[in-house]
Amino acid sequence: MRTPHLSRAASALSATLVAIPALAGGPPGEPVAPVGTAPAAGTITEPELFGHISFLASDLMRGRDTASPEIKIASEYLATRLLMFGAEPSGDVEDGEPTYFAHFPLEFTTPELEGTELTLSFEHDGVVREVSGKVAEDFLLVPRSIAAGEIEAPVVFAGFGRTGEGDEPNDFDAVDVEDRIVIVLDGASGADEPEEGRGRRGSTGGSFSKLQAARDRGALALLVVHPFGEEADRPYAESNPFALRMFGRRSMTLGSSPDSSTPLLFVEDALRDAIDEAAGLSEAPSEPRELEGARARFAFAANVERIDDRNVIGIFPGADEDLRDEVIIFSAHYDHVGVVGDEIHNGSDDNASGTSALLEIAQAFGEGPRPRRSVAFLWVSGEEKGLLGSRWWSEHMTLPEGYEVVADINMDMVSRNDPDRVSITPSPDHPDYSTIIPAAVEALEAEGMQPDYDADQFYARTDSYNFARMGIPIVFFFSGLHDDYHRPGDDVEKADVGKAARIARSAYRLGWALGQQDDRPSKIESGDPEPDAEDDADPDQGD
């Protein structure tokens, strides 16, 4: 095993934890395991889980805000546990030694109204026209996760920005949006209005899925306009006053990442009409098309401060030399929202619960036998600021040379609501449905839990999405929202630790099965038969 490198604080913390019998882990197990068992599920216990959650969600940790001193303490805690469990470090190399920490750059941005402008030029009917506008007057900008500076590029029109869900076409496949500034219509096409709050006229909700689709295809910015000839119920600035309040306040983005920030602009009707007059878009009001000669320049004025944060990662190498380079990742975010006003938001459920569940699963793999494939544990920061840590790590994987991730098992908020039900995504109707999901269902049922396919709406809102967009099969375990979500009341006293332990054991069973089976996880295309659980490792056998 490679020699791990910890800070002095972590070394001291390790010595303290070893002295606590209730929290101390055992020696790493031998790398031998019979196929079709879950040999160490019984090591995942409620008292240890409660201990982890209690520490991470204590007032001492002040809500574990991204890049805060407290999140660094939490990272030392996690790294120390990995060392005790026998996991090999798989992060950055410092002083010639591997560490459990994978650092990533952040930028704190304070947006400014003055100097934030949009200018577009169009050639239509042989005439070149230029239109321009200022933020807060002519367009609304959500300044979170945007890098300061200027963007100048050609402009294309992508109709309603449909993303190909269900039977609808994909408007982003009809035009080349890479390295373009893209104009889309607000809301949904046709007579059917989308559900409340997600794309109705004058709202901003449904546009974020369009932004995601555009960004994934390399778009530089997305401009949302109301359909031509329609008037909004109210200006965008009134429907989302929070966006304007963000000017003058710091927000956070990834640093040194070319596509970590894609501006989303909501164009008010007056500027929309000026664009239409210059470009003639209403002549084919929803038809995606190239706009020959059209260009736009968007300037975002802001003060920028740069700092690092870090993810935590350790790995248990697999027992089979032929499969060892295939890695099953367990992931969870360990940051929360910190102190808001004068109130600490402890984040017990979100996500001390998932963070602690991963610790228990890591201990199970450390104390028990090893599966054929390698198993890694990744705790990411920056989730609450836009999935930043997982985005960085998925693009800069810190794994042993030649190793690749073949599955991600993500846990976020697993200790509240109905004790016997757990939400999972992707569902059988989702395009990223894979062989992981039937195995996950079987693993949950082994713990007497009922899986619900009601979490697809959160698919792009959790860290597993950053693995999925790399083509890696994923599953996300989630116990649902509640009244204490992102509020000071999310405390350990309200945690259903028994439920969290059952979900953790289910995830361990799943990881064991995926680590043992002959075939790596893969997508199930529409019309393909479901895999037969008897043909592969069974997560329900042999605690």
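May I ask you to list the residues in segment 139-151 that are part of a loop (DSSP other than H, G, I, E, B) and on the phi < 0 side of the Ramachandran plot? The answer is V142, P143, R144, I146, A147, A148. Within segment 42-99, if we keep just the residues that are among the acidic types (D, E) and in contact with a His (Cβ under 8 Å, 6 or more places away or on another chain), the residue that is surrounded by the most Cβ atoms within 10 Å (Cβ to Cβ) turns out to be D65. Scanning segment 464-487 for residues that are loosely packed, with under 15 Cβ neighbours inside 10 Å and among the hydrophobic types (A, V, I, L, M, F, W, C) yields one hit, M470.
Within segment 60-73, residues that are in the same structural domain as D491 (by TED's automatic domain parsing) have Cβ atoms under 8 Å from residues that are among the polar types (S, T, N, Q) and not in a helix (DSSP H, G or I) in these pairs: M61/N346; R62/S68; G63/N346; T66/S381; A67/S381; I71/S381, counting only partners at least 6 apart in sequence or on another chain. Taking segment 152-163 as the range and being modelled with pLDDT under 95 and either assigned to a strand (DSSP E or B) or more than 33 Å from the chain's Cα centre (by Cα) (or both) as the test, only T163 passes. The residues of segment 310-328 that are over 26 Å from the mean Cα position of the chain (by Cα) and either crowded, with 24+ Cβ neighbours inside 10 Å or modelled with pLDDT under 95 (or both) amount to a single one, G318. Taking A148 as meeting all but one of (1) free of Cβ contacts under 8 Å to residues at least 60 places away in the same chain; (2) surrounded by 17 or more Cβ atoms within 10 Å (Cβ to Cβ); (3) not acidic (D, E), write down the number of the exception. Result: A148 passes all but (1). Counting the residues of segment 50-77 that are polar (S, T, N, Q), closer than 16 Å to S356 by Cβ and not in a helix (DSSP H, G or I) gives 1.
Results for (1) more than 21 Å from A284 (Cα to Cα); (2) at pLDDT below 90; (3) among the aromatic types (F, W, Y), shown as yes or no for each residue.
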| residue | (1), (2), (3) |
| --- | --- |
| D173 | no, no, no |
| V177 | no, no, no |
| I181 | no, no, no |
| G202 | yes, yes, no |
| S209 | yes, yes, no |
| R215 | yes, no, no |
| E231 | no, yes, no |
| F242 | yes, yes, yes |
| S256 | yes, yes, no |
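Just checking, does segment 382-403 include any residue being charged (D, E, K, R), in contact with a helix residue (DSSP H, G or I) (Cβ under 8 Å, 6 or more places away or on another chain), in a loop (DSSP other than H, G, I, E, B) and buried (at least 20 other Cβ atoms within 10 Å of the Cβ)? No. Restricting segment 438-463 to residues that are part of a helix (DSSP H, G or I) and touching a Ser or Thr at 6+ places or on another chain (Cβ under 8 Å) leaves a set whose member that is surrounded by the most Cβ atoms within 10 Å (Cβ to Cβ) is A443.
When restricted to residues that are in a strand (DSSP E or B) and under 30 Å from Q363 (Cβ atoms), segment 85-138 contains 11. Among the criteria (1) crowded, with 20+ Cβ neighbours inside 10 Å; (2) in a loop (DSSP other than H, G, I, E, B); (3) not aliphatic (A, V, I, L, M), the one D167 does not fulfil is (1).
Is it the case that N351 is part of a loop (DSSP other than H, G, I, E, B), at pLDDT 95 or above and closer than 19 Å to K72 by Cα? In short, no. Within segment 339-348, if we keep just the residues that are among the small types (G, A, S) and not in a helix (DSSP H, G or I), the residue that is modelled with the highest pLDDT turns out to be G347. Just to be sure before I move on: is D538 at pLDDT below 95 and within 23 Å of D322 (Cβ to Cβ) in the structure I sent? Judged against the criteria, D538 is a match. For segment 94-129, the tally of residues that are under 26 Å from W393 (Cα atoms) and either in contact with a Phe, Trp or Tyr (Cβ under 9 Å, 6 or more places away or on another chain) or touching a residue at least 60 places away in the same chain (Cβ under 8 Å) (or both) stands at 16. Would you mind stating whether T80 is part of a helix (DSSP H, G or I) and at pLDDT 95 or above? Considered against the rule, which asks whether it is part of a helix (DSSP H, G or I) and at pLDDT 95 or above, T80 comes out as yes.
Of the residues making up segment 464-487, those that are in a loop (DSSP other than H, G, I, E, B) and among the aliphatic types (A, V, I, L, M) are M470, I472, L481. Of all the listed residues (D519, D490), the sole one being surrounded by fewer than 23 Cβ atoms within 10 Å (Cβ to Cβ) and either at pLDDT below 95 or in a loop (DSSP other than H, G, I, E, B) (or both) is D519.
The values are calculated or read from the model by the stated rules, or taken from the named source; none is laboratory data. Just so you know, these numbers come straight off a predicted model, no measurement behind them. Quick reminder, even Gly has a Cβ in these numbers, built from the backbone with ideal geometry, and neighbours come from all protein chains shown.
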